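**Q** Dropping the structure in here first, questions after.
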Amino acid sequence: MTRKDWHGWSASRNGSPADPGAFIKGMTSGEPRGDAVPVAVCSDDRALRELISVVLAAAGHAVLARSATVERLLGSCNGTLPACVVVSADRPGRSTSDTVRLIRSRLGRVPAVLVCRRAGAADVRRALELGVDGVVLAANAEDALAAVVVAVCAGQVSAPAEQRRAVRPRALTTREKQILKLVVAGLTNSQIAGELFLAESTVKSHLSSAFGKLGVSSRSEAVAMILDPERGDGLGMGRVMAGLAARA
(Lines give C-alpha, C1' and ligand atoms only; values in the text may rest on other atoms or scores of the structure.)
Protein backbone atom coordinates (compact mmCIF):
# COMPACT_ATOMS: atom_id res chain seq x y z
CA MET A 1 0.00 0.00 0.00
CA THR A 2 1.33 3.44 -0.90
CA ARG A 3 0.88 6.77 0.89
CA LYS A 4 -1.85 7.59 -1.64
CA ASP A 5 -3.67 4.39 -0.68
CA TRP A 6 -3.27 5.26 2.99
CA HIS A 7 -4.84 8.69 2.54
CA GLY A 8 -7.76 7.10 0.65
CA TRP A 9 -8.17 4.45 3.32
CA SER A 10 -8.17 6.95 6.18
CA ALA A 11 -10.52 9.37 4.40
CA SER A 12 -13.04 6.59 3.87
CA ARG A 13 -13.35 5.88 7.59
CA ASN A 14 -16.55 7.87 8.23
CA GLY A 15 -14.85 11.00 6.90
CA SER A 16 -12.48 11.05 9.85
CA PRO A 17 -8.99 12.63 9.63
CA ALA A 18 -6.05 10.46 8.70
CA ASP A 19 -4.98 8.23 11.58
CA PRO A 20 -1.43 6.99 10.95
CA GLY A 21 -1.40 5.09 14.24
CA ALA A 22 -4.43 3.03 13.27
CA PHE A 23 -3.01 2.51 9.80
CA ILE A 24 0.27 1.22 11.24
CA LYS A 25 -1.56 -1.09 13.63
CA GLY A 26 -3.59 -2.45 10.76
CA MET A 27 -0.60 -2.94 8.52
CA THR A 28 1.39 -4.83 11.14
CA SER A 29 -1.41 -7.06 12.41
CA GLY A 30 -1.23 -9.53 9.53
CA GLU A 31 1.29 -12.24 8.78
CA PRO A 32 4.82 -10.92 9.47
CA ARG A 33 7.19 -10.90 6.57
CA GLY A 34 10.43 -12.81 6.76
CA ASP A 35 12.47 -9.66 6.29
CA ALA A 36 10.38 -7.49 8.64
CA VAL A 37 12.50 -5.36 10.97
CA PRO A 38 11.37 -3.98 14.36
CA VAL A 39 12.01 -0.22 14.11
CA ALA A 40 11.75 2.75 16.47
CA VAL A 41 11.15 6.22 14.98
CA CYS A 42 12.42 9.35 16.73
CA SER A 43 11.56 12.69 15.12
CA ASP A 44 10.39 16.05 16.43
CA ASP A 45 9.10 16.86 12.93
CA ARG A 46 5.56 15.50 12.99
CA ALA A 47 5.20 15.35 9.21
CA LEU A 48 8.43 13.38 8.81
CA ARG A 49 7.60 11.15 11.77
CA GLU A 50 4.28 10.17 10.22
CA LEU A 51 5.79 9.74 6.76
CA ILE A 52 8.52 7.47 8.10
CA SER A 53 6.07 5.40 10.15
CA VAL A 54 3.64 4.95 7.28
CA VAL A 55 6.34 3.98 4.78
CA LEU A 56 7.89 1.42 7.15
CA ALA A 57 4.55 -0.11 8.08
CA ALA A 58 3.48 -0.31 4.45
CA ALA A 59 6.68 -2.21 3.68
CA GLY A 60 5.90 -4.76 6.39
CA HIS A 61 8.31 -3.56 9.06
CA ALA A 62 7.12 -3.44 12.69
CA VAL A 63 7.06 0.12 14.06
CA LEU A 64 7.59 -0.52 17.77
CA ALA A 65 7.44 3.12 18.82
CA ARG A 66 7.46 6.60 17.37
CA SER A 67 8.06 9.76 19.36
CA ALA A 68 9.37 13.33 19.22
CA THR A 69 11.98 12.80 21.95
CA VAL A 70 14.46 10.10 22.85
CA GLU A 71 13.12 9.66 26.39
CA ARG A 72 9.55 9.18 25.20
CA LEU A 73 10.74 6.82 22.50
CA LEU A 74 12.63 4.62 24.93
CA GLY A 75 9.63 4.54 27.26
CA SER A 76 7.32 3.56 24.40
CA CYS A 77 9.40 0.53 23.39
CA ASN A 78 8.06 -1.33 26.44
CA GLY A 79 11.23 -3.34 26.89
CA THR A 80 11.37 -4.51 23.26
CA LEU A 81 14.66 -3.61 21.62
CA PRO A 82 14.39 -2.27 18.07
CA ALA A 83 16.71 -3.69 15.44
CA CYS A 84 17.00 -0.23 13.89
CA VAL A 85 16.27 3.37 14.83
CA VAL A 86 15.17 5.98 12.29
CA VAL A 87 15.73 9.65 13.15
CA SER A 88 15.01 12.76 11.14
CA ALA A 89 16.31 16.28 10.55
CA ASP A 90 15.80 19.08 8.09
CA ARG A 91 19.54 18.76 7.38
CA PRO A 92 22.23 16.56 8.98
CA GLY A 93 24.00 18.24 11.89
CA ARG A 94 25.51 17.78 15.32
CA SER A 95 22.08 17.40 16.92
CA THR A 96 21.49 14.32 14.75
CA SER A 97 24.61 12.59 16.02
CA ASP A 98 23.79 13.63 19.60
CA THR A 99 20.37 11.99 19.26
CA VAL A 100 21.90 8.79 17.88
CA ARG A 101 24.51 8.71 20.66
CA LEU A 102 21.87 9.14 23.34
CA ILE A 103 19.77 6.33 21.89
CA ARG A 104 22.79 4.04 21.67
CA SER A 105 23.82 4.85 25.24
CA ARG A 106 20.56 3.15 26.26
CA LEU A 107 20.06 0.54 23.54
CA GLY A 108 23.60 -0.39 22.54
CA ARG A 109 25.03 -0.14 19.03
CA VAL A 110 21.70 -0.21 17.21
CA PRO A 111 21.86 0.68 13.48
CA ALA A 112 20.58 4.19 12.74
CA VAL A 113 19.05 5.71 9.62
CA LEU A 114 18.63 9.44 9.09
CA VAL A 115 15.77 10.81 6.97
CA CYS A 116 16.38 14.45 6.02
CA ARG A 117 14.72 17.00 3.78
CA ARG A 118 17.99 18.15 2.19
CA ALA A 119 21.64 17.21 2.30
CA GLY A 120 24.77 17.97 0.28
CA ALA A 121 27.74 15.66 -0.05
CA ALA A 122 29.47 17.25 2.94
CA ASP A 123 26.31 16.84 5.05
CA VAL A 124 26.01 13.16 4.16
CA ARG A 125 29.69 12.54 4.86
CA ARG A 126 29.44 14.26 8.21
CA ALA A 127 26.39 12.22 9.19
CA LEU A 128 28.16 8.97 8.30
CA GLU A 129 31.35 10.03 10.09
CA LEU A 130 29.36 10.88 13.21
CA GLY A 131 27.76 7.45 13.42
CA VAL A 132 24.67 7.33 11.20
CA ASP A 133 24.60 4.14 9.11
CA GLY A 134 22.24 5.25 6.36
CA VAL A 135 20.93 8.53 4.93
CA VAL A 136 17.66 8.84 3.00
CA LEU A 137 16.27 12.04 1.49
CA ALA A 138 12.64 12.59 2.51
CA ALA A 139 11.64 12.91 -1.13
CA ASN A 140 12.94 9.36 -1.73
CA ALA A 141 11.65 7.80 1.50
CA GLU A 142 8.73 5.92 -0.04
CA ASP A 143 11.00 4.12 -2.49
CA ALA A 144 14.20 3.78 -0.46
CA LEU A 145 13.65 3.85 3.30
CA ALA A 146 12.46 0.27 3.85
CA ALA A 147 15.36 -1.15 1.83
CA VAL A 148 17.90 1.05 3.61
CA VAL A 149 16.65 -0.18 6.99
CA VAL A 150 17.25 -3.77 5.89
CA ALA A 151 20.68 -2.84 4.49
CA VAL A 152 22.00 -1.15 7.65
CA CYS A 153 20.72 -4.03 9.77
CA ALA A 154 22.88 -6.26 7.57
CA GLY A 155 25.93 -4.15 8.38
CA GLN A 156 25.94 -2.02 5.24
CA VAL A 157 26.33 1.76 4.87
CA SER A 158 23.83 3.52 2.61
CA ALA A 159 23.72 6.99 1.07
CA PRO A 160 21.76 8.61 -1.78
CA ALA A 161 23.23 7.72 -5.18
CA GLU A 162 23.82 11.37 -6.01
CA GLN A 163 25.93 11.70 -2.86
CA ARG A 164 28.04 8.58 -3.35
CA ARG A 165 31.26 10.61 -3.27
CA ALA A 166 30.38 11.40 0.35
CA VAL A 167 30.96 7.74 1.20
CA ARG A 168 34.16 7.43 -0.75
CA PRO A 169 35.65 10.89 -1.36
CA ARG A 170 38.56 11.33 -3.72
CA ALA A 171 41.92 11.63 -1.98
CA LEU A 172 43.56 15.04 -1.65
CA THR A 173 46.85 15.50 -3.49
CA THR A 174 50.01 16.51 -1.63
CA ARG A 175 49.83 20.01 -3.10
CA GLU A 176 46.17 20.39 -2.11
CA LYS A 177 47.06 19.39 1.46
CA GLN A 178 49.90 21.92 1.52
CA ILE A 179 47.60 24.70 0.35
CA LEU A 180 44.82 23.73 2.75
CA LYS A 181 47.32 23.76 5.61
CA LEU A 182 48.14 27.39 4.78
CA VAL A 183 44.45 28.22 4.44
CA VAL A 184 43.97 26.91 7.98
CA ALA A 185 46.87 29.13 9.05
CA GLY A 186 44.95 32.14 7.72
CA LEU A 187 46.98 32.95 4.62
CA THR A 188 45.35 34.56 1.59
CA ASN A 189 45.70 33.08 -1.91
CA SER A 190 48.36 35.69 -2.70
CA GLN A 191 50.33 34.83 0.42
CA ILE A 192 50.04 31.09 -0.28
CA ALA A 193 51.31 31.66 -3.82
CA GLY A 194 54.35 33.46 -2.46
CA GLU A 195 54.98 30.80 0.18
CA LEU A 196 54.89 27.93 -2.31
CA PHE A 197 56.35 29.79 -5.32
CA LEU A 198 53.18 29.30 -7.35
CA ALA A 199 51.02 31.55 -9.48
CA GLU A 200 47.93 32.77 -7.61
CA SER A 201 45.74 31.26 -10.35
CA THR A 202 47.34 27.87 -9.63
CA VAL A 203 46.50 28.21 -5.95
CA LYS A 204 42.89 29.00 -6.84
CA SER A 205 42.76 25.96 -9.12
CA HIS A 206 44.07 23.63 -6.39
CA LEU A 207 41.63 25.08 -3.86
CA SER A 208 38.70 24.60 -6.23
CA SER A 209 39.68 20.96 -6.69
CA ALA A 210 40.13 20.43 -2.94
CA PHE A 211 36.78 22.03 -2.12
CA GLY A 212 35.09 19.72 -4.60
CA LYS A 213 36.65 16.66 -2.99
CA LEU A 214 35.72 17.81 0.50
CA GLY A 215 32.19 18.71 -0.53
CA VAL A 216 32.52 22.29 0.73
CA SER A 217 32.05 25.63 -0.99
CA SER A 218 34.14 28.05 1.06
CA ARG A 219 37.40 28.44 2.96
CA SER A 220 35.54 28.61 6.29
CA GLU A 221 33.75 25.31 5.62
CA ALA A 222 37.05 23.67 4.62
CA VAL A 223 38.79 24.93 7.75
CA ALA A 224 35.92 23.77 9.97
CA MET A 225 36.08 20.27 8.44
CA ILE A 226 39.86 20.00 8.76
CA LEU A 227 39.91 21.17 12.38
CA ASP A 228 36.98 18.99 13.45
CA PRO A 229 38.63 16.00 15.21
CA GLU A 230 35.87 13.62 14.10
CA ARG A 231 35.45 14.83 10.51
CA GLY A 232 39.03 15.77 9.69
CA ASP A 233 40.62 12.54 10.86
CA GLY A 234 40.21 10.71 7.56
CA LEU A 235 41.49 13.48 5.29
CA GLY A 236 45.15 12.53 5.52
CA MET A 237 45.98 15.98 6.87
CA GLY A 238 47.63 14.80 10.07
CA ARG A 239 51.24 15.18 8.93
CA VAL A 240 50.82 18.59 7.33
CA MET A 241 48.82 19.88 10.30
CA ALA A 242 51.57 18.66 12.63
CA GLY A 243 54.01 20.67 10.56
CA LEU A 244 51.79 23.71 10.91
CA ALA A 245 51.72 23.29 14.70
CA ALA A 246 55.49 22.99 14.81
CA ARG A 247 55.83 26.13 12.69
CA ALA A 248 53.60 28.05 15.09
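**Q** If we keep just the residues of region 71-81 that are out of contact with any strand residue (DSSP E or B) (no Cβ under 6 Å at 6 or more places or on another chain) and among the hydrophobic types (A, V, I, L, M, F, W, C), which is surrounded by the most Cβ atoms within 10 Å (Cβ to Cβ)? Steps first, please.
**A** Taking region 71-81 as the starting set, the residues that turn out to be out of contact with any strand residue (DSSP E or B) (no Cβ under 6 Å at 6 or more places or on another chain) are 71-72, 74-75, 78-79, 81.
Then drop every residue that is not among the hydrophobic types (A, V, I, L, M, F, W, C), which leaves 74, 81.
Values: Leu74: 18, Leu81: 12.
Taking the candidates together, the pick is Leu74.
**Q** What is the one condition in (1) modelled with pLDDT of 85 or more; (2) in a helix (DSSP H, G or I); (3) polar (S, T, N, Q) that Ser88 does not satisfy?
**A** The number of the failed condition is (2).
**Q** Now a separate question. Looking at Val54, Val86, which one is in the same structural domain as Asp143 (by TED's automatic domain parsing), farther than 18 Å from Pro111 by Cα and buried (at least 21 other Cβ atoms within 10 Å of the Cβ)?
**A** On the way: Val86 fails: farther than 18 Å from Pro111 by Cα.
Answer to the selection: Val54.
**Q** Select from region 195-229 the residues that are of a type in the set (Val, Ile, Thr) and within 12 Å of Arg175 (Cα to Cα) and list them in ascending order.
**A** Thr202, Val203
**Q** Is it true that some residue in region 163-183 is surrounded by fewer than 15 Cβ atoms within 10 Å (Cβ to Cβ), under 21 Å from Ile103 (Cα atoms) and not aromatic (Phe, Trp, Tyr)?
**A** no
**Q** Still on this structure, I have one more. Could you run through region 141-156 and say how many residues are surrounded by 15 or more Cβ atoms within 10 Å (Cβ to Cβ) and either free of Cβ contacts under 8 Å to residues at least 60 places away in the same chain or not assigned by TED's automatic domain parsing to the domain that holds Ala36 (or both)?
**A** Going through region 141-156, the residues surrounded by 15 or more Cβ atoms within 10 Å (Cβ to Cβ) turn out to be 141-142, 144-146, 148-153.
From the residues that got through so far, the ones that are either free of Cβ contacts under 8 Å to residues at least 60 places away in the same chain or not assigned by TED's automatic domain parsing to the domain that holds Ala36 (or both) too are 144, 148, 151.
Count: 3.
**Q** Could you tell me whether region 198-215 includes any residue that is more than 30 Å from the chain's Cα centre (by Cα), at pLDDT 85 or above, surrounded by 19 or more Cβ atoms within 10 Å (Cβ to Cβ) and of a type outside the set (Val, Ile, Thr)?
**A** The answer is no; no qualifying residue exists.
The values are calculated or read from the model by the stated rules, or taken from the named source; none is laboratory data. Every value quoted in this text rests on a predicted model; they were computed, and no experiment measured them. All Cβ positions, glycine included, derive from the backbone under ideal geometry; neighbour counts span all protein chains shown.
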